[in-house]
Amino acid sequence: MVLLGVIDLAYFSAMSRLLTKAEFGLYAIAIAVTSILQEITSAGLGAAIIQKKDPSDSFISTAFSLSLILCSFSTLLLVLLSGQLSRLLTGADTLTYPLIILAFTMFFSIVNGIGKALYMRELRFLHFGAVQLTAIGLANLAGVCLAYFYPGYGIYAISIAMLLNSLFLFGYLYAVRLVHIPLAISRCYIREIVSYGGWLTASGIVRSIYEQVDKLVTVRFLTVTQLGAYNRPAGFLASVSGQVNGIFDTILFPILSNIQDNDEKIGRAYQKSTETVIVGAVFFSILVILGSNIIIRIFLGEEWLSLQPVFHVIAVSVVFLFYGRSCICR
């Protein structure tokens, strides 16, 4: 996670100097649309595999098949509606093709979620982390090269980098490692999977809408450039906190799954993790507020220094992002 965070920050820093605020505004709108749709589509199916104490092959096949059906439908829907959504949100066709690219990114991300779930169940964090490191490193390098050699098409550079990351992971999981999951749906597992995934999806949709709806609403009152000016520092802090938070839920979720029948152990684990997360979050927030000038100069560039007050406000909200992540595991 530390190495992934370093690569993410290096990519963030490079793109902040290569792309304009308007391009970041367009990216924020595109991600808002796909994030909400992906949350609905994933339906907690990968998490259902981790949560199940001893999933059978039929259980895994059912979850995988349902996932494939849902993400195929959502991908097709987003591709068909990309033009209308672009005109609705930006008044032009600027986001039509980026949304199509992100639609296929969403497809592979959801399919990869099942393969990742199998790794997480075996607690093979280091192995899968190395794979992620390679995939995101190559994808980010391609994105930076595209943004550098084709200025003015930054939204395409970001979108293609995200697609390549998903494709690299997909290729490793299903071509190199030959993860083979038969396509089959067992009726006896549908209710259990949908029941668990349904509640998880409902909470995910609420969270996703809460996190993304401001971009879809404010674009009606602000310019794309103003939206990008806000979204970049917000995205920076969310990215850093997301990498740290990812450690907790990635580790805790499969471990808590194995002790799900012991309420006392789960209670102690949740209390300790929550205390650790809160202390870390407060420390991180204070560090960002005190060092905002230096952080902006290093990771964004001097042209973003006027956004220091925005950094301060968002830094306070990070505390709640940390706490909310630990609640998900509970």
>> Contact list please: Cβ distance under 6 Å, first residue in region 292-317 and open to solvent by less than 60 Å² (accessible area, probe 1.4 Å), second residue among the basic types (Lys, Arg), pairs at least six apart or on different chains.
In response: GLY301/ARG17
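Could you tell me whether any residue of region 125-132 is open to solvent by 30 Å² or more (accessible area, probe 1.4 Å) and β-branched (Val, Ile, Thr)?
Applying the first criterion (open to solvent by 30 Å² or more (accessible area, probe 1.4 Å)) to region 125-132 yields 125-127, 130, 132.
With the extra rule that they be β-branched (Val, Ile, Thr), the set shrinks to none.
No: region 125-132 contains no residue that is open to solvent by 30 Å² or more (accessible area, probe 1.4 Å) and β-branched (Val, Ile, Thr).
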> Here are some conditions: (1) at pLDDT below 75; (2) closer than 30 Å to THR20 by Cβ. LEU305 meets all but one. Which one does it not meet?
Replying inline: (1)
> Quick one: GLY204 ticks every box in (1) at pLDDT 75 or above; (2) under 15 Å from the mean Cα position of the chain (by Cα); (3) over 27 Å from ALA14 (Cα atoms); (4) among the small types (Gly, Ala, Ser) bar one, so which box is it?
Replying inline: (1)
> Inside region 24-45, can you point out the residues that are β-branched (Val, Ile, Thr), surrounded by 23 or more Cβ atoms within 10 Å (Cβ to Cβ) and either more than 15 Å from ASP214 (Cβ to Cβ) or at pLDDT below 80 (or both)?
Replying inline: THR34, THR41
> If you scan region 140-171, which residues turn out to be open to solvent by 50 Å² or more (accessible area, probe 1.4 Å) and modelled with pLDDT under 90?
Replying inline: TYR150, PRO151, GLY152, TYR153, PHE170
> Mind checking which residues of region 74-97 are at pLDDT below 90, open to solvent by 50 Å² or more (accessible area, probe 1.4 Å) and assigned to a helix (DSSP H, G or I)?
Replying inline: LEU88
> So which of TYR174, TYR230, TYR196 is modelled with pLDDT under 65 and either part of a helix (DSSP H, G or I) or in contact with a helix residue (DSSP H, G or I) (Cβ under 9 Å, 6 or more places away or on another chain) (or both)?
Replying inline: TYR196
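The values are calculated or read from the model by the stated rules, or taken from the named source; none is laboratory data. All figures in this text were calculated on a predicted structure; none of them were measured in a lab. Cβ coordinates were reconstructed from backbone atoms using ideal geometry, including for glycine residues, and neighbour counts include every protein chain displayed. For the accessible areas, the whole protein counts, side chains as well, though only heavy atoms, and no ligand, DNA or RNA atoms are used. Shrake-Rupley method; radii C 1.70, N 1.55, O 1.52, S 1.80 Å.
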